[in-house]
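Colleague: Pasting a structure here, questions to come.
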Amino acid sequence: MFAAMLAQVVQAPFERPAIDWHAVAPELLLLLTGAIVTIVDLIGLERVRKHIPTLTSFTFLISLIPVITLWNDGDELPRVMFDGAWVVDEYALVLKAMFLLTGYVVVLLSANYMLEGDYYDSEFYQLISASIVGMLVMTSARDLISIFVAIELVSIPAYLLAAWRKRDLKSNEAGLKYMLMGVFASAIMLYGMSLLYGLSGSTKLTDIGAAIATGESVPAITLAVVFTIIGFGFKVSAVPFHTWAPDTYEGAPTPLTAFLAVASKAAGFVALISVVIFAFPGQSDVVEPLIWVLSAVTMTVGNLIALRQTNIVRMLAYSGVAQAGYMLAPLAVYGDRPDQATSAIVTYLVIYAAMNLGAFAVVISVARKTGSGEISSYGGLFNYAPGLTAVMTAFLFSLAGIPPVGGWWAKFEIFRVLTDGGNFWGIALAVVAAVNSVIAAYYYLAIAKQMWFMPVPDGDESPVVLTPTLQAALALTVIFTILSGTVLLGELSDLTDFSFALGG
């Protein structure tokens, strides 16, 4: 089938496509500035090593400029190119901004971690940049080929980064397990995509949607839909395709764990949203029951296993699995309200990015003093780091969905989508999510109890030293986490309340 796809491209008459350079400026700027940083590193070597994180952070901020200018030119949105295979609309711009800012915060988390660990840090930042280019492409892709290429551009650098601590057996295991499971998932996804092409004769999502909107259950279509969603299930760490996540998160460098838990997961959701909304609008009778089961099982298994964790990184890994279950939930009722379902997921992704990155910033800060990732090492943190304790408490409350921090609004949006319209299965999934929220609150609040009320395990109450980059990362994430649950509610709702450009 892929040979047929290639033949179709080769046989088509050559036409030079019209390119809207402003619409592709974020991707091109990040590629260009990333290449400049690479050249500077090759020429300067050790003399510029300490400046590479700063230069990389500027590449993300510079690439954010055309995102802002495109948003200001809202009257000209959507911008459609390549016969609808590339679309820049409000949905894409919100996600591009989120990915670029996430990359900026990850660099802040990584700067001292890389220098103090004596790692090859320049290549680390270049691979982070390459992965984020894939994420930017993903937001605008409306074609199976560009979606798959974007997914691989996101994933391949992440495989290398997971094994970055080459002398650490856990890091080697993390990279190997992540790569093997990723390749396996990509094969299943490709099989589903090839079936979709064979059934529709096109790789464009809207053409596929029109071709398979039969209104009846056809085994080949069902198989294609199921295989494609299973492939994306790995990318978002949905149960039972989550087995790579805990070991990978624990073995990878902690800043990279934050990157995988936030940006890589979000990229998987972006791809899943695009395929479900644009290619499967007429297959809700297949997609919705499958997503319902995935969502319920994912949030339940993730929370139950997180209850038993003693290592905070593994706890956050299983917490991230459970959070993926919440984010999947709106797609279980997308048939009636696709815009509302997608808006709820994007709202959750944006708030989740801030609160999860912030939690990992605290984990990195505390580990620099204690040298441990055990939850017990957080005992009595309030005695010698009251500010850090307060910040971590805000992140934990947000992850648990406790007002007034941002996580409550993210969960509220999910519950609203599930219960609006009186759909029985939506209400049932909302009940499952509510029960799981109570379970999750138990282990999040257990960490808060450890920090506020338990004694310091070794009696060492010397202060935690925060580097300027960690201070900046904590400030950015905690401010957004708090404000997104209070004064930014209206603005955030407007930002994620969009209708989609179908891409021609």
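Colleague: Filter the stretch 238-257 for residues that are hydrophobic (A, V, I, L, M, F, W, C) and within 20 Å of residue 105 (Cα to Cα); which is modelled with the highest pLDDT?
Modeller: Our first condition is that a residue be hydrophobic (A, V, I, L, M, F, W, C); within the stretch 238-257, this holds for 238-239, 241, 244-245, 252, 256.
Next, from what is left, pick out any that are within 20 Å of residue 105 (Cα to Cα): 252, 256.
Values: 252: 81, 256: 85.
This residue is 256.
Colleague: With the structure loaded, tell me whether residue 374 is acidic (Asp, Glu), under 21 Å from residue 320 (Cα atoms) and touching a strand residue (DSSP E or B) at 6+ places or on another chain (Cβ under 7 Å) or whether it fails that test.
Modeller: Values: acidic (Asp, Glu): yes; under 21 Å from residue 320 (Cα atoms): yes; touching a strand residue (DSSP E or B) at 6+ places or on another chain (Cβ under 7 Å): yes.
Yes.
Colleague: Residue by residue through the stretch 166-214, note down the ones that are in contact with a strand residue (DSSP E or B) (Cβ under 9 Å, 6 or more places away or on another chain) and of a type in the set (A, V, I, L, M, F, W, C).
Modeller: 205
Colleague: Can you name the residue in the stretch 44-64 that is of a type in the set (A, V, I, L, M) and under 11 Å from residue 33 (Cβ atoms) and, of all such residues, is surrounded by the most Cβ atoms within 10 Å (Cβ to Cβ)? Please lay out each step first, then the result.
Modeller: Start the filter on the stretch 44-64 by keeping residues that are of a type in the set (A, V, I, L, M), which leaves 45, 48, 52, 55, 61-62, 64.
From what is left, the residues that are under 11 Å from residue 33 (Cβ atoms) are 55, 61-62.
On the way: 55: 18, 61: 13, 62: 15.
Checking each candidate, the answer is 55.
Colleague: Another question, if that's okay. When the stretch 191-250 is examined, which residues are found to be β-branched (Val, Ile, Thr), more than 13 Å from residue 282 (Cβ to Cβ) and crowded, with 18+ Cβ neighbours inside 10 Å? Walk me through how you get there before you give the answer.
Modeller: At the first step, the residues of the stretch 191-250 found to be β-branched (Val, Ile, Thr) are 203, 206, 208, 212, 214, 218, 221-222, 225-226, 228-230, 236, 239, 243, 248.
Now drop any that are not more than 13 Å from residue 282 (Cβ to Cβ), which leaves 203, 226, 228-230, 236, 239, 243, 248.
203, 228, 229, 230, 236, 239, 248 - these are the residues of the stretch 191-250 that are β-branched (Val, Ile, Thr), more than 13 Å from residue 282 (Cβ to Cβ) and crowded, with 18+ Cβ neighbours inside 10 Å.
Colleague: On to the next question. Does the stretch 193-211 include one or more residues that are touching a helix residue (DSSP H, G or I) at 6+ places or on another chain (Cβ under 8 Å), of a type outside the set (A, V, I, L, M, F, W, C), within 30 Å of residue 44 (Cα to Cα) and in a helix (DSSP H, G or I)?
Modeller: no
Colleague: May I pose another question? Considering each residue of the stretch 281-308, count those that are in contact with a Leu (Cβ under 9 Å, 6 or more places away or on another chain) and of a type outside the set (A, V, I, L, M), and give that number. Give the steps one after another, and end with the answer.
Modeller: Step one: list which residues in the stretch 281-308 are in contact with a Leu (Cβ under 9 Å, 6 or more places away or on another chain), which gives 287-288, 291-292, 294-296, 298-299, 306.
Now restrict to residues that are of a type outside the set (A, V, I, L, M): 288, 292, 295, 298.
Selection size over the stretch 281-308: 4.
Colleague: Here are some residues: 151, 128, 132. Which one is farther than 25 Å from residue 20 by Cβ and either touching a His at 6+ places or on another chain (Cβ under 9 Å) or not small (Gly, Ala, Ser) (or both)? Steps first, please.
Modeller: Numbers: 151 fails: farther than 25 Å from residue 20 by Cβ; 132 fails: farther than 25 Å from residue 20 by Cβ.
So the residue among 151, 128, 132 that is farther than 25 Å from residue 20 by Cβ and either touching a His at 6+ places or on another chain (Cβ under 9 Å) or not small (Gly, Ala, Ser) (or both) is 128.
Colleague: Another one. Among (1) under 19 Å from residue 41 (Cβ atoms); (2) without any contact (Cβ under 8 Å) to a residue 40 or more places away in the chain; (3) in contact with a Ser or Thr (Cβ under 9 Å, 6 or more places away or on another chain), there is one condition residue 156 misses while meeting the rest; what is its number?
Modeller: All conditions are met except number (1).
Colleague: I would also like to ask the following. For the stretch 369-423, give me each residue that is charged (D, E, K, R) and either surrounded by fewer than 16 Cβ atoms within 10 Å (Cβ to Cβ) or under 30 Å from residue 292 (Cβ atoms) (or both).
Modeller: So in the stretch 369-423, the residues charged (D, E, K, R) come out as 369, 374, 411, 413, 416, 420.
Passing the criteria: 374, 411, 413, 416, 420.
Colleague: State which residue is nearest to residue 105 (Cα to Cα) when the search covers only the stretch 40-88 and only residues that are under 24 Å from the mean Cα position of the chain (by Cα) and outside any helix (DSSP H, G or I).
Modeller: That would be 88.
Colleague: Then there is this: Residues 343, 319, 365, 372: which one is farther than 25 Å from residue 418 by Cβ and touching a helix residue (DSSP H, G or I) at 6+ places or on another chain (Cβ under 6 Å)? Write out each step before concluding.
Modeller: Details: 343 fails: farther than 25 Å from residue 418 by Cβ; 319 fails: farther than 25 Å from residue 418 by Cβ; 372 fails: touching a helix residue (DSSP H, G or I) at 6+ places or on another chain (Cβ under 6 Å).
Only one candidate passes the filter, namely 365.
Colleague: Name the residues in the stretch 151-171 that are crowded, with 16+ Cβ neighbours inside 10 Å and in a helix (DSSP H, G or I), would you?
Modeller: Going through the stretch 151-171, the residues crowded, with 16+ Cβ neighbours inside 10 Å turn out to be 151, 153-165, 171.
Selection gives 151, 153, 154, 155, 156, 157, 158, 159, 160, 161, 162, 171.
Colleague: Within the stretch 121-136, is even one residue in a strand (DSSP E or B) and either in contact with a Gly (Cβ under 6 Å, 6 or more places away or on another chain) or among the hydroxyl-bearing types (Ser, Thr, Tyr) (or both)?
Modeller: In the first step, residues of the stretch 121-136 are kept if they are in a strand (DSSP E or B); the result is none.
Among the residues of the stretch 121-136, not one is in a strand (DSSP E or B) and either in contact with a Gly (Cβ under 6 Å, 6 or more places away or on another chain) or among the hydroxyl-bearing types (Ser, Thr, Tyr) (or both), which makes the answer no.
Colleague: Please name all residue pairs, on different chains or six or more residues apart, with Cβ atoms under 6 Å, provided the first residue is in the stretch 333-362 and is under 11 Å from residue 410 (Cα atoms) and the second residue is among the charged types (D, E, K, R).
Modeller: 343/497; 344/413; 347/413
Colleague: Another question, if that's okay. Among the residues of the stretch 116-124, is there at least one that is crowded, with 20+ Cβ neighbours inside 10 Å and at pLDDT 80 or above? I'd like the intermediate steps shown before the answer.
Modeller: Taking the stretch 116-124 first, the residues crowded, with 20+ Cβ neighbours inside 10 Å are 121-122, 124.
Subset that is at pLDDT 80 or above: 124.
Looking for residues that are crowded, with 20+ Cβ neighbours inside 10 Å and at pLDDT 80 or above, one finds at least one in the stretch 116-124, hence yes.
The values are calculated or read from the model by the stated rules, or taken from the named source; none is laboratory data. None of these values were measured; they are calculated from a predicted model. Glycine also receives a Cβ, built like all others from the backbone with ideal geometry; neighbour counts cover every protein chain displayed.
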